[in-house]
Amino acid sequence: MRHNLLEGLQKIMPSQLPRLAAVLDRDMNKADPHGKEEWDTIRDMDKVWRVFSKYDARNTILLDNEARKFCEHPDNGIVVPEFGPAEVQRRVSHTLSGVQAYLLELGRCEGLGQ
C-alpha cells in the first residue's frame, strides 16, 4: 500500500523520493485470474501505461514480493523478499540495501542517475 511504500522509501533512500514517478497502489491492479482469493490482484500495466504515457515496458520496473503480481510482464519484475517494519526502522536489511544499490546502478547505466 502507498503509505507503507513511502514510509519504507523515506527510511532507505530519502534523496530519491522526489524522483519517484509514481506509486502503483491498488487502483492500478486488476483481478488475478488465477488468484485463490477474491482480493488477489496483479498489476494492470496496460492501465498504468495509458495513465503515464511516457512509460512503457522499456522503462518500467516492478518490485513485489510475489512474481505473480507482474506475471503479464515478467521481464519488468524484480522479486523482493518481504521485509518488516523493524528492518526499515533499523535500516539494517540486506534486501533493502541490495535493492537500493541495484536501482541506483540501473539508473546510472541508463543515464537516469545524473
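Things worth noting here:
- Heavy-atom accessible surface of the chain: percent carbon and sulfur, 1.4 Å: 53
- The residues of segment 1-79 have, on average, 69 Å² of accessible surface per residue, using a 1.4 Å probe with all protein chains present.
- Given +1 at the Cβ of Lys and Arg, -1 at the Cβ of Asp and Glu and no other charges, the dipole of the chain around its Cα centre is 440 debye to the nearest 20.
- Long-range HN-HN contacts of residue 63 with modeled amide H, under 5 Å: 78
- Whole-number percent relative contact order across segment 1-79, with pairs defined as alpha carbons under 8 Å at least 6 apart: 19
- Structure-derived Cα extents along the principal axes in Å: which label, when the choices are (1) 66, 19, 18; (2) 94, 49, 29; (3) 36, 33, 22: (3)
- Placing a pseudo-label 7 Å from each Cα along the Cα-to-Cβ vector at residue 11 and residue 30 gives an inter-label distance of 3.4 nm.
- Added length on full extension, which subtracts the Cα-Cα distance from 0.36 nm per residue, residue 78 to residue 59: 5.5 nm
The values are calculated or read from the model by the stated rules, or taken from the named source; none is laboratory data. This structure is a prediction, so every number in the text was calculated from the model and none was measured. Here Cβ is always computed from backbone atoms with ideal geometry, including for glycine, and neighbour counts include all displayed protein chains. Heads up: the accessible areas ignore ligands, DNA and RNA and are worked out on the full protein's heavy atoms, side chains in. Shrake-Rupley method; radii C 1.70, N 1.55, O 1.52, S 1.80 Å.
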